[in-house]
Amino acid sequence: MSWHKTFALGSFVAFPLVSAALADEFGRPPTADEIKAWDIDVLPDGTGLPSGSGTVARGREVYQTNCEACHGTNGQGGIKDRLAGGQGTLATDQPIKTVGSFWPYATTLFDYIRRAMPYPSPGSLSADDTYAVSAYILNLNGIVPANATLDKESLPRIEMPNRDGFIPEPEFAKLIPKVK
């Protein structure tokens, strides 16, 4: 057997042993505060939404500063995903999947913005600004009026146009909270 085959075989055998031995040397259990900081998921019924509120007008300002460069003016025409429009296109040969045409829950919009946006610094928006951007995007899609204010009470009550467009797997259906 050549040296490189012997080395490869030895590496294949030794790696799991070394990895197992070093596994206890890396990391540490997270603290309660670290877990709390990452435990920010929001369910369709609004469970997990923080206190705070935001208006469409404030959302427009936050959007222009933090979102427009990627998603375009009015949620369209940017270099990243289109956020507005597309209503009525899902049953066509070229569906346009946007927040207004495809997403089933408004709470999902808040959750996604909160944990993943804005792109260069995810999680940097306050709860108030996240509610505001959500309100603005929902307004761009004609889902809430221009004078809307969103908070943890009003956001889960929003009826998204495609709310009934998803059919959960039967074994998971019982896990999805009923939206009020």
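The values are calculated or read from the model by the stated rules, or taken from the named source; none is laboratory data. Computed from a prediction, not measured in an experiment: that's the story for all the values here. Ideal geometry is used to build each Cβ from the backbone, glycine not excepted, and the neighbour counts take in all protein chains shown.
With respect to Thr73, is the statement that it is surrounded by 14 or more Cβ atoms within 10 Å (Cβ to Cβ), closer than 17 Å to Asn141 by Cα, free of Cβ contacts under 8 Å to residues at least 60 places away in the same chain and hydroxyl-bearing (Ser, Thr, Tyr) true?
It is false that Thr73 is surrounded by 14 or more Cβ atoms within 10 Å (Cβ to Cβ), closer than 17 Å to Asn141 by Cα, free of Cβ contacts under 8 Å to residues at least 60 places away in the same chain and hydroxyl-bearing (Ser, Thr, Tyr).
In the set Ser126, Ser101, which member is farther than 26 Å from Ala37 by Cβ, among the small types (Gly, Ala, Ser) and in contact with a Gly (Cβ under 8 Å, 6 or more places away or on another chain)?
Result: Ser101 is the single residue among Ser126, Ser101 that is farther than 26 Å from Ala37 by Cβ, among the small types (Gly, Ala, Ser) and in contact with a Gly (Cβ under 8 Å, 6 or more places away or on another chain).
Gly123 - would you say it is small (Gly, Ala, Ser) and modelled with pLDDT under 95?
Against the criterion (small (Gly, Ala, Ser) and modelled with pLDDT under 95), Gly123 qualifies.
Taking Val144, is it within 21 Å of Ala57 (Cα to Cα), in a helix (DSSP H, G or I), touching a helix residue (DSSP H, G or I) at 6+ places or on another chain (Cβ under 9 Å) and not aromatic (Phe, Trp, Tyr)?
In short, no.
Tell me whether the range 101-120 contains one or more residues that are in contact with a strand residue (DSSP E or B) (Cβ under 7 Å, 6 or more places away or on another chain), modelled with pLDDT of 95 or more and not charged (D, E, K, R).
Checked the range 101-120: no residue is in contact with a strand residue (DSSP E or B) (Cβ under 7 Å, 6 or more places away or on another chain), modelled with pLDDT of 95 or more and not charged (D, E, K, R).
If you check every pair at least six apart or on different chains, which have Cβ atoms under 6 Å apart with a residue in the range 144-158 that is loosely packed, with under 15 Cβ neighbours inside 10 Å first and a residue that is among the hydrophobic types (A, V, I, L, M, F, W, C) and at pLDDT 95 or above second?
Listed pairs, sorted by first residue: Ala146/Val56.
On the basis of being crowded, with 19+ Cβ neighbours inside 10 Å, touching a Leu at 6+ places or on another chain (Cβ under 6 Å), more than 23 Å from Lys36 (Cβ to Cβ) and in contact (Cβ under 8 Å) with a residue 24 or more places away in the chain, does Ala106 make the cut?
Yes, satisfied.
Of the residues that sit in the range 41-70 and are in a helix (DSSP H, G or I) and touching a Phe, Trp or Tyr at 6+ places or on another chain (Cβ under 7 Å), which one is surrounded by the most Cβ atoms within 10 Å (Cβ to Cβ)?
Within the range 41-70, the match that is surrounded by the most Cβ atoms within 10 Å (Cβ to Cβ) is Gly59.
Mind checking which residues of the range 72-110 are touching a helix residue (DSSP H, G or I) at 6+ places or on another chain (Cβ under 8 Å) and outside any loop (DSSP other than H, G, I, E, B)?
Within the range 72-110, Asn74, Gly75, Ala106, Thr107, Leu109, Phe110 qualify.
Taking the range 111-123 only, how many residues are assigned to a loop (DSSP other than H, G, I, E, B), surrounded by fewer than 18 Cβ atoms within 10 Å (Cβ to Cβ) and in contact (Cβ under 8 Å) with a residue 24 or more places away in the chain?
Looking only at that region, the number is 1.
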